[in-house]
Structures are given as C-alpha cells and as structure tokens.
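Values quoted throughout were computed directly from the atomic coordinates according to the rules given, and no laboratory measurement underlies them. Since the model is a prediction, treat every value here as computed from it, not as a measurement. Cβ placement follows ideal geometry from the backbone for every residue including glycine, while neighbour counts extend to all protein chains displayed.
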C-alpha cells in the first residue's frame, strides 16, 4: 500500500473504531491526545487493524500502534513486521 492509501485507510480505521466523522481525523491524533481514543476504544482500533491486515497483531504492535502516524506506517509497510 502506498503512503497516501495508508493514510486514507488509517483515517477510515480510526473513524470507524472511534465512531467519529472521518473528516475530524487528522495526522496529529494519538491515544494521548484524543478523548474518544481511550484504552477500551484502542481495542476497537486494533480489531479494525487486524481485519485490515488479515492477521492478529503482536503485543508489541498493539502497544506501538497508538498514533495516526504509527498506524499509517504499519499499513504502508504491508503489515508484515509482526
């Protein structure tokens, strides 16, 4: 997936998982800066990413994927670094 596709997919994943309008999601988002993105909703983000990637994420990945940029990077590299 190229960078622009990964960013669009990250935006869609976060919007679905956090139940927010896609237009409100931006690249500055992180679990520590967005009220809707708490520890429970992080599980929804991870579930969306597992569906997108077709595989279970490792504990390290679950901990790492806590910002828009990290999610987009994960999608760009093809979800294969687990």
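Taken as a whole, the stretch 60-80 holds at least one residue that is touching a helix residue (DSSP H, G or I) at 6+ places or on another chain (Cβ under 7 Å), part of a loop (DSSP other than H, G, I, E, B) and at positive phi.
Of the residues making up the stretch 7-19, those that are buried (at least 17 other Cβ atoms within 10 Å of the Cβ) and assigned to a loop (DSSP other than H, G, I, E, B) number 0. Select from the stretch 28-50 the residues that are surrounded by 11 or more Cβ atoms within 10 Å (Cβ to Cβ) and in a helix (DSSP H, G or I) and list them in ascending order. Listed by number, the residues that qualify are 41, 42, 43, 44, 45, 46, 47, 48, 49, 50.
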